[in-house]
Amino acid sequence: MKTSNKFIQAIIAIVAMSSNWSYSQTVIKFAHYGPISDPVHVGALKFKEVLEKESGGAYKVEIFPQEQLGKGADMIIGTQVGSIDVSVTGNPFYGGVSPEQAALDIPFLFRTVDHAYRVIDGPLGRELMDKFDARGLKGLAYWEIGFRNITNSVRPIRTPADLKGIKLRTTPNPMHIEAFKIWGANPTPMPISEVYLALSTKTVEGQENPTVHISKLKFQEVQKYMSITRHAFTAAPMVMNLAKFKALSPQQQAMFIKAAKEGAIAERQNNASLETESLAAIRKAGVEVIENVNTEPFRATAYEPVRKMYVDKFGGDILAKIDAMK
């Protein structure tokens, strides 16, 4: 009888252990473009913290920085097919998926960061994000890369004429490419992870990115001049595989959206806090910084033609709404 009781107790223990073994966290693969020193990684860590806490540990977020799971558009495709659960990359890389997003990339469309935030955080931002649904993605929140500036190793850029003939890395976005063609540069799209080597080997002579991004990617090591042009604002949508999002309960969906929005806030705050420090690091590396650039000639030559290019394809409704929010 004692032996029988021990046997039953052993079976109960095994069942209990099996039950514990069967419990496992759901792993969320989160890919982004930046190095771990970049504000996007600060946002990713906040997303991880919030989602894991809100779910009581039911979710575990694994972060893959610096395009480890694919470059630009490939990261977006990975999210569409489900090999990546959530991702953040620059808005200009969505041209092949949701080309209407290019409205946000028109040079000099946004005069201030507050104007940009009112658009991307408001009903119009939601309207644009909802367009991802038809492409197998769920837009969770707009993160940011920020206002872009020009660096190069040829000469100081003070006027559009100074860009003439410079081979300059841009994003693949048609709005950016067209603007730099108008200004006389030779725009050369390429993934961000390839830019440092391209600059160091003079495959390209310049590039354009926000100050913090330039500093964190160490472009100051291979560039001589930087012009503060703030010629375009770049948003960075955080998207999730749509089928996986739809499979969640409403409560779980709310957790993901909350974590995405808090990640966006953390990223933006970190980006703003690092602006002065990043500019100082660029100067310390020996880069000549041209701060008081008269950007009106840049705007006067490129804004209307690039805007017309967008309107001819997608109509003027979205841009009219953006204008109304200035």
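Can you work out which of the residues in region 146-168 that are surrounded by 17 or more Cβ atoms within 10 Å (Cβ to Cβ) and among the aliphatic types (A, V, I, L, M) is farthest from His115 (Cα to Cα)? That would be Val154.
Screening Ala134 against (1) buried (at least 20 other Cβ atoms within 10 Å of the Cβ); (2) in a helix (DSSP H, G or I) leaves a single unmet condition, (1).
Residue check: is Thr188 within 19 Å of Ser37 (Cα to Cα) and in contact with a Leu (Cβ under 7 Å, 6 or more places away or on another chain)? Taking the combined requirement at face value, the residue does not satisfy it.
The set of residues in region 137-175 that are closer than 16 Å to Glu100 by Cβ and assigned to a helix (DSSP H, G or I) comprises Pro174, Met175. Whenever a residue of region 156-184 is over 19 Å from Ile290 (Cβ atoms) and in contact (Cβ under 8 Å) with a residue 12 or more places away in the chain, its partners that are in a helix (DSSP H, G or I) and among the polar types (S, T, N, Q), lying with C-beta atoms within less than 8 angstrom and at least six residues away or across chains, give the pairs Asn173/Asn91; Ile182/Thr301. Taken together, Phe132, Phe180, Phe233 contain a single residue that is within 21 Å of Phe108 (Cα to Cα), under 18 Å from the mean Cα position of the chain (by Cα) and among the hydrophobic types (A, V, I, L, M, F, W, C), which is Phe233.
A short reminder: the numbers here are calculations on the coordinates, not readings from a lab. On a predicted model such as this, the values are computed, not experimentally measured, just so you know. Glycine also receives a Cβ, built like all others from the backbone with ideal geometry; neighbour counts cover every protein chain displayed.
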